[in-house]
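What follows is a single structure, written as structure tokens, with notes after it.
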Amino acid sequence: MNMAKPLAKSHYVGPGAVQAVVSRTLSVLVDNEPGVLARVIGLFSGRGYNIDSLTVTETEHEKHLSRITIVTRGTPDVIEQIKHQLERLVPIHRVRDLTNEGVALERELALIKVSGKGEKRIEALRIAEIFRAKVVDTSTEHFVFEVTGKPSKIEEFIQIMTELGLVEVSRTGIAAIGRGPVSS
Amino acid sequence: MARTMTGAEMVLEALKDQGVEHIFGYPGGAVLPIYDELFQQDKVKHILVRQEGGALHAAEGYARSSGKVGVALVTSGPGATNAVTGLTDALMDSIPLVCITGQVPTHLIGNDAFQECDTVGITRPCTKHNWLVKNVNDLARILHEAFYIAKAGRPGPVVVDIPKDVQFATGNYVGPSNIAHKTYKPRVKPDQTAVRDAVDLMARAKKPVFYTGGGVINSGPKASQLLRELVRLTGYPITSTLMGLGAYPASDKQWLGMLGMHGTYEANLAMHDCDVMVAVGARFDDRITGRLDAFAPNSLKIQIDIDPSSINKNVKVDIPIVGDVAYTLEDMLRVWKSKAPQLDKAAHKSWWKQIDGWRAKKSLSYKNSNDVIMPQYAIERLFALTKDRDSYITTEVGQHQMWAAQFYHFDEPNRWMTSGGLGTMGYGLPAAIGAQLAHPKSLVIDIAGDASILMNIQEASTAVQYDLPVKVFILNNQYMGMVRQWQQLLHGNRLSHSYTESLPDFVKLAEAYGWTGMRCDDPAELDDAIRAMIETKGPVIFDCRVATLANCFPMIPSGKAHNEMLLGEDVSDEEVENAIGAEGKVLV
């Protein structure tokens, strides 16, 4: 609570003072019951919030717990609302804003298909090495690279591959976890 | 020791274990096994409505007037889709409901079977939570959980969707348990530092105001008692939202009347000019705040709410307190009493003087007439002639609703049932039926409009079947009055489809349903006619013919601030038509 000493005026921000839009990674621990994902994404679409990336998988099978990782954008006020709205959903255990807490480790995996011959093909392979991308499928005319890392690294890799014969991309979306010894 | 029984039997067993006495419903193919069980017992009384929408509103009226959870039972497909409006209404107004829906058998789900719809999908955004029960052994637990979720924390509606084969299947019944819910544990006790900060700030206020809402009523009768105690102890003025009327007695001198779009001048100006605002179970709805950047611009705000998402949603507050209203007020009272603060008496005296100046404007005044019944006068007389009785008021939605809120005064909570958040025309009659059922000896009046009443008029038949002597007091101006008023405000008085060309003869309509029909169009005869309505034993439709073009004032036009109110007395048609600017036009 930021209420040690009340200000002389309310700190209410009117439409004139626009807050900056920020990106946040939310980690949402839920009971893996039917419809729980629909509740979460329905909440986002129904209330007009953004989803930039979303991943979900059961992470603790015995307890039927799933972790939903959502990358969203909004003003700090909107992000605060999103957290509270998520917390209202009955099957949700907890919501953590990993970005805000400065603890987010974010990784993504991408499969990237590049086709080409000659110099471009050699160049693609060389770049892939720099990015520590693995070749998981190949012919004399194409590669499929598997690359993992921060989303910015994957973006960069895709950018370069565009010049070298990029065919298509499949990305997992972001998995995130907090640093340090305690659970997020 | 678990007992073995069918799913349908479990439904009845769970209702009994939850202390349910009445449910509202309508049978159909996918709930026949449950109806068969209903038939074979007499503990739970079923009220047969005439359309499922009526069942949901009746359950709302029952819940709101009694503090219990309202229960509805409907069939699959159209039964469930008809329930959607009532569910949404209950979600917006935080009314605890359990709605049990039948579903096609599990092996047919997804096959576009007869009367199949994706009930949990459709009702997901309009319930607090919902369940599709696929295994009979989960049914009893889910039903008890449903009652817990409906009433815990911020109350709301829940749906339990039960496929027909699950109703027939045999499984183990478990009773209600006291073990804590796995995930849903709303905070009810407030943070004590925040409570102390709030009391400090309140004690230092020079121009304080209490702004209370439906959360006080939802918290229970004790919350209203504590609110009264705190408000009287401080001596501060108090206003309330539409949903909160009755939590504080309207007959008290510290009461400013309702605030908001059609609130009183003194309530809105006090909100605008206050330096400390204490929001209690109120959510800063757009009907309350008006233009946000000019809302109470020089105030520090304390907000008590059980739902953290209600805090800082529309308006930033300085001291948020997450907790149940009753618990929080109890703590605030204790801290206030132990501190016995020195208040700025001089400042409060001049604040009250300022408020008295606003009161002197008499913002609810209107030009009365000897020739036609003014709608405001009709409500004033209705109030005067019923206030000493044990009465409950429901409304439909529109001008009549606002006039009822302005001119019918409540001294007790749970006496006023209205569709606030969703604004559902057709709410009032079924809600009155629900309230009457909960209070069979009381006088229950639906203050209605001529358009709204037709939206659920079929429930008149329900009232007859169960001997429910509800009174429907129609302010009949032959228009959808609020729509017409907005067309005058916004659209050059082009009254597009807001006039009902062929209203029924309400007296004959009443008689067709087996009700008593009455009509009055003369102000001089109004009192006698209202008395006759009250004295009539059974249900009555009272067709009160009122001035057709009266507008509901005072009014904060859309997009305007609290201190830019239109007052009724001397506003010209031209001023009305120019009241809303371009920005306000796009607002609702």
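The values are calculated or read from the model by the stated rules, or taken from the named source; none is laboratory data. All values reported here derive from a predicted model rather than from experimental measurement. With ideal geometry, Cβ positions are generated from the backbone for all residues, glycine too; neighbour counts draw on all protein chains shown. What goes into the accessible areas is simple: the full protein's heavy atoms, side chains included, and nothing from ligands, DNA or RNA. Shrake-Rupley method; radii C 1.70, N 1.55, O 1.52, S 1.80 Å.
Which residue, of B:Lys207, B:Lys189, B:Lys164, B:Lys222, is surrounded by fewer than 24 Cβ atoms within 10 Å (Cβ to Cβ) and either within 14 Å of chain A (Cβ to nearest Cβ) or free of Cβ contacts under 8 Å to residues at least 24 places away in the same chain (or both)?
After applying the criteria, what remains is B:Lys207.
Quick check: anything in the range A:131-147 over 22 Å from A:Ala20 (Cβ atoms) and either within 14 Å of another protein chain (Cβ to nearest Cβ) or in contact with a Pro (Cβ under 8 Å, 6 or more places away or on another chain) (or both)?
no
Hey, any hits in the range B:89-106 for a residue that's within 16 Å of B:Lys151 (Cα to Cα), charged (D, E, K, R), surrounded by 24 or more Cβ atoms within 10 Å (Cβ to Cβ) and out of contact with any strand residue (DSSP E or B) (no Cβ under 8 Å at 6 or more places or on another chain)?
Yes.
Quick one: would you say B:Ile302 is within 13 Å of another protein chain (Cβ to nearest Cβ), within 19 Å of B:Ser219 (Cβ to Cβ), touching a Gly at 6+ places or on another chain (Cβ under 6 Å) and in contact (Cβ under 8 Å) with a residue 40 or more places away in the chain?
no
Do you know which residues across the range A:90-114 are open to solvent by less than 50 Å² (accessible area, probe 1.4 Å) and farther than 30 Å from B:Tyr184 by Cβ?
A:Glu108, A:Ala110, A:Ile112, A:Val114, listed by residue number.
Return a yes/no flag: does the range B:187-205 have any residue that is closer than 13 Å to B:Leu329 by Cβ and basic (Lys, Arg).
yes
Does B:Ile23 satisfy being within 19 Å of B:Leu97 (Cβ to Cβ) and out of contact with any His (no Cβ under 9 Å at 6 or more places or on another chain)?
Criteria not met by B:Ile23.
So B:Gly121 clears everything in (1) small (Gly, Ala, Ser); (2) buried (at least 18 other Cβ atoms within 10 Å of the Cβ); (3) in a helix (DSSP H, G or I) except one condition, right? Which one?
So B:Gly121 meets the others, but not (2).
For B:Tyr148, all conditions in the list (1) within 20 Å of B:Phe24 (Cα to Cα); (2) crowded, with 23+ Cβ neighbours inside 10 Å hold save one; what is the number of the exception?
Evaluating B:Tyr148 over (1) within 20 Å of B:Phe24 (Cα to Cα); (2) crowded, with 23+ Cβ neighbours inside 10 Å leaves (2) as the failure.
If you take the residues in the range A:115-170 that are of a type in the set (Val, Ile, Thr) and assigned to a helix (DSSP H, G or I), which one is most open to solvent (accessible area, probe 1.4 Å)?
A:Ile130
In contact with a strand residue (DSSP E or B) (Cβ under 8 Å, 6 or more places away or on another chain), surrounded by fewer than 19 Cβ atoms within 10 Å (Cβ to Cβ) and over 14 Å from B:Val71 (Cα atoms): is that true of B:Lys134 in this structure?
yes
Being assigned by TED's automatic domain parsing to the domain that holds B:Gly153 and surrounded by fewer than 24 Cβ atoms within 10 Å (Cβ to Cβ): is that true of B:Val49 here?
Here the answer is no, as B:Val49 does not meet what is asked.
Just a yes or no: is a residue in the range A:59-74 in contact with a helix residue (DSSP H, G or I) (Cβ under 7 Å, 6 or more places away or on another chain), within 30 Å of A:Leu164 (Cβ to Cβ) and surrounded by 19 or more Cβ atoms within 10 Å (Cβ to Cβ)?
No, that holds for no residue.
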